[in-house]
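Everything on this sheet refers to the single structure shown next.
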Amino acid sequence: MGKIVMGISAGHNRGAAIVINGKLEVAIANERITRIKTDRSDNIPEEAMLYCLDALELTWDQIDEYVYNITEDINKVPEQFTELTGQSLDKLKFIPHHQAHAYSTFVASGFKEGVVVVADAMGSVYNDTTPIKDWYDLDESELKEGEEWAEGFSIYEFKEGQTKPEALYKKWIRFPYMPEYEGSIGYFYGMGAKQLVYNEKTNSWPAGKLMGLASYANKDFVNEIEDLSIRTDYDLQVPAAPFLSNIVDYRSDFQSKADIAGVYQKEQELNSIHLVEMASRMSDSKNVCVSGGSFLNCNTNELIIKSKLFDGMYFLPPADDSGIAIGCAYAGGIEDHIPSGEFMSAYTGKTYSDEEIISAILAFDERVAFTKLPDDELIQAAVGALYENQVIGWMQGGSETGPRALGNRSILANPSKKWMVEYINSEIKKREWYRPFAPSVLFEDQADIFELDTYSPYMLVTTEVKQEWRDKIPAVTHFDGTSRYQSVTESNNPRYHALITEFKKATSIPVVLNTSFNGPEEPIVETPENAINTMLNHDLKVLFINNYMIYRK
């Protein structure tokens with residue numbers, strides 16, 4: 001079978017992945033199984049590890065190497081690893097957080113060589129709880145009592161045939177007592193999210209909400225604010241304190257919050273593109289790969305494309321810490337990796353059998369009915385529901401990796417009805433009114449609809465909707481005339497492509513509204529039982545799981 005490597009991530013968004021002969025075979029975030037959003041813990045992700053073994057029918061003994069990373073202060077992984085797996089610690093290896101990010105995006109890109117930019121809130125902390133000091137030798141005498149070093153942002157280079165990246169630039173920040181300009185891109189943006197979109201009930205502040213809020217900013221106000229970061233040709237210094245935190249917070253009026261959100265978004269974009277520009281100066285490579293939660297910011301990714309600094313660009317779907325396990329697995333299996341020139345499939349979850357689907361349906365027997373349909377009839381039934389302006393659940397094959405639903409765990413709707421935005425936000429997703437919805441578009445038609453014609457299979461790029469299409473697809477055209485689109489091809493998702501193709505035949509619109517299949521503060525559904533439960537709790541009238549059409553009694 002060749003070398004088998006399991007990647008393990010403990011801490012924020014913990015999870016597991018398995019690579020065989022350099023190819024990713026399965027990956028899952030622990031939250032999808034436990035149903036605990038982000039599922040942060042310093043415990044080993046037992047559920048995700050067992051899921052991966054089950055998906056491939058493997059045993060602990062068959063795994064040749066286990067590679068892990070942890071983001072917490074206490075490292076329980078070695079002890080818990082031995083207890084869970086019964087394997088020798090000789091099989092267990094550690095890699096730093098930013099290296100895991102770098103491996104995840106470079107190997108997934110299919111490039112033979114490339115430069116990698118990593119930006120997030122914080123990487124590995126330099127202390128005695130992990131083997132991090134075997135990798136770096138930092139001067140701790142510069143630190144005050146109680147301070148530690150932590151990875152802030154990094155630039156790496158992979159040369160052809162090279163199995164370890166060369167660090168071209170690495171910024172260490174002091175934590176938790178940061179000097180004025182020793183923040184990170186993600187940490188600063190996160191502070192803005194906590195300041196402006198904090199949810200007291202759930203004690204959460206998702207960065208995605210800040211990105212949506214920023215669209216409503218007064219551009220004149222934002223442009224008048226001087227740069228908050230210090231950017232030079234070969235360095236970047238980011239603020240370590242929130243902007244106007246003593247004046248505007250989450251309890252302020254909407255426009256005030258939106259304007260300050262626009263400032264945070266501006267800094268996010270300028271700082272991220274600055275790191276990419278630095279990478280182009282430091283490396284001769286014509287390929288750039290990015291990772292870290294900062295690169296889930298679609299406006300930033302659009303700027304990278306428009307910069308034309310690189311010929312090849314890759315944006316990883318689980319750019320946040322849900323991709324760390326993948327990077328760990330790739331790091332252990334990179335010797336066997338043969339660059340394909342193709343992007344990694346986003347669909348890394350296991351598929352569910354007819355028996356498992358029927359069992360889930362029977363668990364809700366008093367509330368749902370079902371019918372099994374051939375492929376073409378299933379597609380027609382789904383298109384018919386969309387045409388009649390029903391909002392449907394769509395669960396097919398293996399789940400997507402990362403935070404974006406890409407047509408296998410999606411809620412779908414007709415994009416031509418403007419009222420869909422308010423209806424889905426208030427009645428189904430139960431979230432803020434200003435949150436936008438994204439379009440999934442046939443790749444062969446996207447150039448007719450959007451200003452940017454870049455292949456975007458992971459819904460990680462924003463672009464303007466062409467003027468003549470804004471009234472045709474108002475439910476997926478944001479307030480500012482933009483959309484975060486997903487390119488769908490017959491090869492990257494055949495059934496989803498068939499659905500949108502038939503919807504186009506019925507409506508002349510090669511687009512469907514696509515949002516993640518979950519409720520508020522709930523992870524994206526994983527199992528048939530999760531999907532039926534969410535359908536019943538969130539006002540969905542019909543659900544399609546593989547070839548089964550499930551509806552309320």
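Brief remarks follow.
- Hits in the range 91-113 (condition: open to solvent by 10 Å² or more (accessible area, probe 1.4 Å) and over 15 Å from V19 (Cβ atoms)): L92, F94, Q99, F111, K112, E113
- Yes/no for E180 being open to solvent by 40 Å² or more (accessible area, probe 1.4 Å) and of a type outside the set (V, I, T): yes
- Scope the range 9-21; condition under 20 Å from G398 (Cα atoms) and either among the hydrophobic types (A, V, I, L, M, F, W, C) or assigned to a loop (DSSP other than H, G, I, E, B) (or both); matching residues: N13, R14, A16, A17, I18, V19, I20
- Odd one out for Y485 among (1) hydroxyl-bearing (S, T, Y); (2) over 20 Å from the mean Cα position of the chain (by Cα); (3) crowded, with 24+ Cβ neighbours inside 10 Å: (2)
- Any hit, the range 396-407, residues being in a helix (DSSP H, G or I) and either surrounded by fewer than 24 Cβ atoms within 10 Å (Cβ to Cβ) or aliphatic (A, V, I, L, M) (or both): no
- E31, sole failed condition from (1) of a type in the set (D, E); (2) more than 29 Å from W172 (Cα to Cα); (3) over 24 Å from the mean Cα position of the chain (by Cα): (3)
- Qualifying residue in the range 32-39 (condition: in a helix (DSSP H, G or I), closer than 23 Å to G293 by Cα and β-branched (V, I, T)): yes
- Residue in the range 175-186 that is in a strand (DSSP E or B) and of a type outside the set (F, W, Y) present: yes
- The single condition from (1) among the aliphatic types (A, V, I, L, M); (2) open to solvent by 10 Å² or more (accessible area, probe 1.4 Å); (3) touching a residue at least 12 places away in the same chain (Cβ under 8 Å) that I8 fails is (2).
- Residues within the range 40-52 that are open to solvent by 10 Å² or more (accessible area, probe 1.4 Å) and within 27 Å of F343 (Cβ to Cβ), tallied: 1
- Residue within the range 258-276 that is without any contact (Cβ under 8 Å) to a residue 40 or more places away in the chain and of a type in the set (A, V, I, L, M, F, W, C) present: yes
- Counted residues, the range 443-461 - those being of a type in the set (A, V, I, L, M) and buried (at least 21 other Cβ atoms within 10 Å of the Cβ): 4
- Residue count for the range 276-312 satisfying the condition of being surrounded by 23 or more Cβ atoms within 10 Å (Cβ to Cβ), not in a helix (DSSP H, G or I) and not hydroxyl-bearing (S, T, Y): 5.
- So F315, is it buried (at least 19 other Cβ atoms within 10 Å of the Cβ), closer than 21 Å to S410 by Cα and in contact (Cβ under 8 Å) with a residue 24 or more places away in the chain: yes
- For the condition touching a helix residue (DSSP H, G or I) at 6+ places or on another chain (Cβ under 9 Å) and surrounded by 15 or more Cβ atoms within 10 Å (Cβ to Cβ), S410 qualifies.
- Selection from the range 318-335 of residues that are crowded, with 22+ Cβ neighbours inside 10 Å, assigned to a helix (DSSP H, G or I) and not small (G, A, S): D321, I324, I326, C328, Y330
- The listed residue being in a loop (DSSP other than H, G, I, E, B), open to solvent by 40 Å² or more (accessible area, probe 1.4 Å) and among the small types (G, A, S), out of G349, G341: G341
- E148, sole failed condition from (1) within 18 Å of G332 (Cα to Cα); (2) charged (D, E, K, R); (3) open to solvent by 40 Å² or more (accessible area, probe 1.4 Å): (1)
- Any chance G212 is open to solvent by 30 Å² or more (accessible area, probe 1.4 Å), part of a helix (DSSP H, G or I) and of a type in the set (G, A, S): no
- Annotation: S245 fulfils all but one of (1) touching a residue at least 40 places away in the same chain (Cβ under 8 Å); (2) closer than 16 Å to A119 by Cβ; the unmet one is (2).
The values are calculated or read from the model by the stated rules, or taken from the named source; none is laboratory data. Bear in mind that the values here come from a model prediction, so they are computed numbers and not experimental data. Here Cβ is always computed from backbone atoms with ideal geometry, including for glycine, and neighbour counts include all displayed protein chains. Only protein heavy atoms, including side chains, enter the accessible area calculation; ligands, DNA and RNA are left aside. Shrake-Rupley method; radii C 1.70, N 1.55, O 1.52, S 1.80 Å.
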